[in-house]
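This report concerns only the one structure given below.
Only the coordinates and a few stated rules stand behind these numbers; no lab work does. These numbers were taken from a predicted model, which means no experiment stands behind them. Cβ: placed from backbone, ideal geometry, glycine included. Neighbour counts: every protein chain shown.
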Amino acid sequence: MIVRRHIAPIRDEERGALLELWVASWRATFPTIDFDARRAWFVDHLAEREAQGAALICVFEDTAKPGERKLVGFVLIDPKTGWLDQIAVKPNAFGAGVGRELLNAAKRASPGVIKLDVNADNFRALRFYKREGFHRVGAGVNKLSGRETAVLEWRREE
């Protein structure tokens, strides 16, 4: 069966699914961290970033029911600065190309550069970003977990 995906704005009634996807994605990546306890932080953070002009780009899969769709991933990027704040993919879609679709959409929305930080021990994400043309340009610390981060950058080729 061919799965059809598309990028579309999120509907208000889908925001709960977005929160669940964020928690599930991070729980699958770092099972020892309690992401359920960070739900309120994420909701507030997302609202703040969107109010500041960040773009929330979502990927949906079409279902057998006409007009119905299932959220499978999202990216949050500030088009003015190129700062990629969040990217999350539903765990059962890991490795299915959703992350690449989201990153390509972020590249189209960005001003020619994307910067992000990623946990330095998130080896899967580091491999992904390297394949997508990102380079390490610095280091930092995650404000919530205290974990070391790698600051990565991608620049559009002229």
Inset, instruction - May I ask for the distance between the Cα centers of segment 39-94 and segment 9-34, given as a whole number of Å? - result: 9
Inset, instruction - Taking 7 Å along the Cα-to-C-beta vector as the label spot, tell me the ASP121-ARG155 distance in nanometres, rounded to one decimal. - result: 3.3
Inset, instruction - Give the relative contact order (percent, whole number) for segment 1-86; include only Cα pairs under 8 Å separated by 6+ residues. - result: 31
Legend entry - Largest to smallest principal axis extent of the C-alpha atoms in segment 1-99, angstrom: 37, 34, 24
Inset, instruction - Considering Cα pairs under 8 angstrom that are at least six residues apart, work out the relative contact order of segment 3-158 and quote it in whole percent. - result: 18
Inset, instruction - Report the FRET efficiency, 1/(1 + (r/R0)^6), for ALA37 and ARG100, where r is their Cβ-Cβ distance and R0 is 22 Å, rounded to 0.05. - result: 0.15
Inset, instruction - Among GLY99, ALA54, PHE35, pick out the residue whose Cα is farthest towards the positive end of the charge dipole of segment 5-111, where Lys and Arg carry +1 and Asp and Glu carry -1 on C-beta, about the Cα centre. - result: GLY99
Legend entry - Per-residue [θ]222 nm for the chain (sum of -39500 (n - 2.57) over DSSP H runs n ≥ 4, rounded to 500): -9500 deg cm²/dmol
Legend entry - Net length gained if the chain between ALA24 and ARG136 were fully extended (0.36 nm per residue, minus Cα distance): 37.6 nm
Inset, instruction - Would you mind ranking LEU144, LEU18, LEU84 by Cβ crowding within 10 Å, fewest neighbours first? - result: LEU144, LEU18, LEU84
Inset, instruction - Figure the gain on full extension for LYS80 and GLU48 (residue separation times 0.36 nm, minus the Cα-Cα span) and round it to one decimal in nm. - result: 10.0 nm
